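Enquirer: Sharing a structure with you now.
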Amino acid sequence: MGFGERWRGWIKFCISSVRFSVLVNGSPCGFFGSSRGLRQGDPLSPMLFILVMDALSKMMDRAASGGFLRGFSAPIGVLSARRVSHLLFADDTLVFCDADMDQLTFLKQLGSLPTTYLGLPLGALQKDTSVWNPVIERVEKQLAGWQKWYLSKGGKEVLIKSTLSSIPTYYLSLLQAPVSITEKLERLQRNFLWDAADGTRKFHLVNWQTVTSPKK
């Protein structure tokens, strides 16, 4: 087995053997596996990130040397100047190329899209409803955690306006929600308000437009 294979095997072991234990009344109670890979703050995370970014940097250098990405000369005006195609700083990548369709097409081929950056799906199609699944799941998770049977109608209205309505805001800063998504989100909120989450049809005492109208 070569060094590269041993290295990959070691990394795979580190990210697939994570186990957790919780304290119940001050005593540990068994262990359970993780489905998310590395733990938050794991010192292995930045090393894996550097490995991936180093590979991306090498690919960008080869693209620039092959003439697929032009970049810019540094310093400007010197014939022997090095052409800069990209700059890396922490987790940010700055790419330099001409406003040319061929260069943009090659740049797109270097990385797969859509990809998630800061929780947002970059490169996702506006009409693709699957990118909104995390938002729907988060709303449903919030509803599952609330004891709706012990809340008054007023309390439910406050939770809808203060929490449920703000969950899609971050996604809306980048994407325009399809009509089917907005209707589904409103349906979840309506069912929560009128106790119809179990699938039964409940009578709505107040029109939804009135419920979501401003206090004034």
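The values are calculated or read from the model by the stated rules, or taken from the named source; none is laboratory data. Note that the structure is predicted; figures quoted are calculated from it, not measured. Cβ coordinates were reconstructed from backbone atoms using ideal geometry, including for glycine residues, and neighbour counts include every protein chain displayed. Keep in mind that these areas ignore ligands, DNA and RNA; they rest on the heavy atoms of the full protein, side chains included. Shrake-Rupley method; radii C 1.70, N 1.55, O 1.52, S 1.80 Å.
Enquirer: How many residues are closer than 13 Å to E140 by Cα and either out of contact with any helix residue (DSSP H, G or I) (no Cβ under 6 Å at 6 or more places or on another chain) or not aliphatic (A, V, I, L, M) (or both) when one looks only at segment 169-192?
Expert: 8
Enquirer: Ok, one more. Before we move on, is I181 at pLDDT 85 or above and more than 20 Å from V211 (Cβ to Cβ)?
Expert: The answer is no for I181.
Enquirer: Let me ask another. With the requirement that a residue be at pLDDT below 75 and either farther than 21 Å from F68 by Cβ or not in a loop (DSSP other than H, G, I, E, B) (or both), what does segment 98-118 give you?
Expert: P114, T115, T116, Y117, L118
Enquirer: Give me the pairs, please: first residue somewhere in segment 36-60 and within 20 Å of T105 (Cα to Cα) and open to solvent by less than 70 Å² (accessible area, probe 1.4 Å), second residue anywhere and modelled with pLDDT of 80 or more and not aliphatic (A, V, I, L, M), beta-carbon distance under 6 Å, and either six or more positions apart or on two chains.
Expert: Within 6 Å, the pairs are M60/S85; M60/H86.
Enquirer: Further question on the same structure: Tell me, which residue of segment 138-156 that is surrounded by 15 or more Cβ atoms within 10 Å (Cβ to Cβ) and in a loop (DSSP other than H, G, I, E, B) is modelled with the lowest pLDDT?
Expert: The extreme case among them is W146.
Listed here are the residues, each with its yes/no results for (1) open to solvent by 40 Å² or more (accessible area, probe 1.4 Å); (2) β-branched (V, I, T); (3) touching a residue at least 12 places away in the same chain (Cβ under 8 Å).
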| site | (1), (2), (3) |
| --- | --- |
| V158 | yes, yes, no |
| S162 | yes, no, no |
| T169 | yes, yes, no |
| P178 | no, no, yes |
| I181 | no, yes, yes |
| E186 | yes, no, yes |
| Q189 | no, no, yes |
| F192 | no, no, yes |
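Enquirer: Select, from S130, S85, the only residue that is touching a Leu at 6+ places or on another chain (Cβ under 7 Å) and at pLDDT 80 or above.
Expert: Residue meeting the stated conditions: S85.
Enquirer: I've got another one for you. In segment 123-137, is there at least one residue being more than 29 Å from M53 (Cα to Cα), open to solvent by 90 Å² or more (accessible area, probe 1.4 Å) and in a helix (DSSP H, G or I)?
Expert: yes
Enquirer: Looking for something under 23 Å from A90 (Cα atoms) and modelled with pLDDT under 75 - is there at least one such residue anywhere in segment 16-29?
Expert: No, because not a single residue in segment 16-29 is under 23 Å from A90 (Cα atoms) and modelled with pLDDT under 75.
Enquirer: Considering segment 52-69 alone, what residues qualify as being assigned to a helix (DSSP H, G or I) and either out of contact with any helix residue (DSSP H, G or I) (no Cβ under 9 Å at 6 or more places or on another chain) or of a type in the set (D, E) (or both)?
Expert: V52, M53, D54, A55, S57, K58, D61, R62, A64, S65, listed by residue number.
Enquirer: Which ones in segment 82-100 are among the basic types (K, R) and in contact with a helix residue (DSSP H, G or I) (Cβ under 7 Å, 6 or more places away or on another chain)?
Expert: Hit for segment 82-100 is R83, nothing else.
Enquirer: Go through segment 149-164 and count every residue that is basic (K, R) and under 24 Å from the mean Cα position of the chain (by Cα).
Expert: Residues meeting the conditions: 1.
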